[in-house]
Amino acid sequence: MINRQAIYSRFISCYGESTPARLARRLGGGNQTVYDWESGKTMISKVRLKKLVDEESLYWDWLIEGKEPMRRRKVAGEPCNPLDRHGVNQRLLSLFPDMSEAKLAALFGVHQTAVHKWRHDRAFVSWGALEFAVTEKEVTWNWLFEG
């Protein structure tokens, strides 16, 4: 199961901020949002995590699960790319090529409408679906998020 508080700890360690309030000021967000991340009430957005991954040349597997190594070798001038929702969604769905939206919804414990939105890139796949792929299909977080 995804440990939101452990992800938050790794996230905040990269920013070098000692308190949620300082992190909120640095990121230009609200204190309550950061407190919710710290407590595990909510998950840090995939987009914000992607920005950190690119800025710090991190591996998704380290950020999500704490698996070493932590950093990729940084290429000088390497750009920060936005998270490719289409790529993430299609990589996940490619693991289940013959399953209908109804069967995928039952598998992931979501409404069929959610799967339809994933298929047509109107929403990101859920953390639960991503975690299922990592656990059951033995793919890496890096592969799911970066290809």
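Does the range 45-60 contain at least one residue that is aromatic (F, W, Y), in a loop (DSSP other than H, G, I, E, B) and in contact with a helix residue (DSSP H, G or I) (Cβ under 6 Å, 6 or more places away or on another chain)? Full working, then the answer.
Going residue by residue through the range 45-60, those that are aromatic (F, W, Y) are 59-60.
Going one step further and asking which of them are in a loop (DSSP other than H, G, I, E, B), we end up with 59.
The next check asks that each one be in contact with a helix residue (DSSP H, G or I) (Cβ under 6 Å, 6 or more places away or on another chain); those that pass are 59.
Yes - at least one qualifying residue is present in the range 45-60.
From the list E17, E78, which residue is surrounded by 14 or more Cβ atoms within 10 Å (Cβ to Cβ), assigned to a loop (DSSP other than H, G, I, E, B), at pLDDT below 90 and not assigned by TED's automatic domain parsing to the domain that holds R122? None of the other options fit; the residue is E17. Residues considered: D54, D61. Of these, the only one that is under 18 Å from V125 (Cα atoms) and charged (D, E, K, R) is D61. Could you tell me whether the range 91-98 includes any residue that is in the same structural domain as E136 (by TED's automatic domain parsing), surrounded by 14 or more Cβ atoms within 10 Å (Cβ to Cβ), under 15 Å from the mean Cα position of the chain (by Cα) and at negative phi? Looking for residues that are in the same structural domain as E136 (by TED's automatic domain parsing), surrounded by 14 or more Cβ atoms within 10 Å (Cβ to Cβ), under 15 Å from the mean Cα position of the chain (by Cα) and at negative phi, one finds at least one in the range 91-98, hence yes.
For the range 73-82, state whether one or more residues are within 21 Å of I2 (Cα to Cα) and in contact (Cβ under 8 Å) with a residue 24 or more places away in the chain. The answer is no, given that none of the residues of the range 73-82 is within 21 Å of I2 (Cα to Cα) and in contact (Cβ under 8 Å) with a residue 24 or more places away in the chain.
Go through R4, R25 for me and flag whichever is over 13 Å from the mean Cα position of the chain (by Cα), of a type outside the set (S, T, N, Q) and more than 17 Å from L144 (Cβ to Cβ).
On the way: R4 fails: over 13 Å from the mean Cα position of the chain (by Cα).
Going through R4, R25 in turn, just one is over 13 Å from the mean Cα position of the chain (by Cα), of a type outside the set (S, T, N, Q) and more than 17 Å from L144 (Cβ to Cβ): R25.
Can you tell me which residues in the range 87-138 are of a type in the set (D, E) and without any contact (Cβ under 8 Å) to a residue 60 or more places away in the chain?
Result: D98, E101, D121, E136, E138.
Quick one: is D54 surrounded by 12 or more Cβ atoms within 10 Å (Cβ to Cβ), closer than 18 Å to V139 by Cα, in contact (Cβ under 8 Å) with a residue 12 or more places away in the chain and outside the structural domain of K137 (by TED's automatic domain parsing)? So D54 does not fit the description; no.
The values are calculated or read from the model by the stated rules, or taken from the named source; none is laboratory data. Just so you know, these numbers come straight off a predicted model, no measurement behind them. Reconstructed Cβ throughout: ideal geometry from the backbone, glycine too, with neighbour counts over all protein chains shown.
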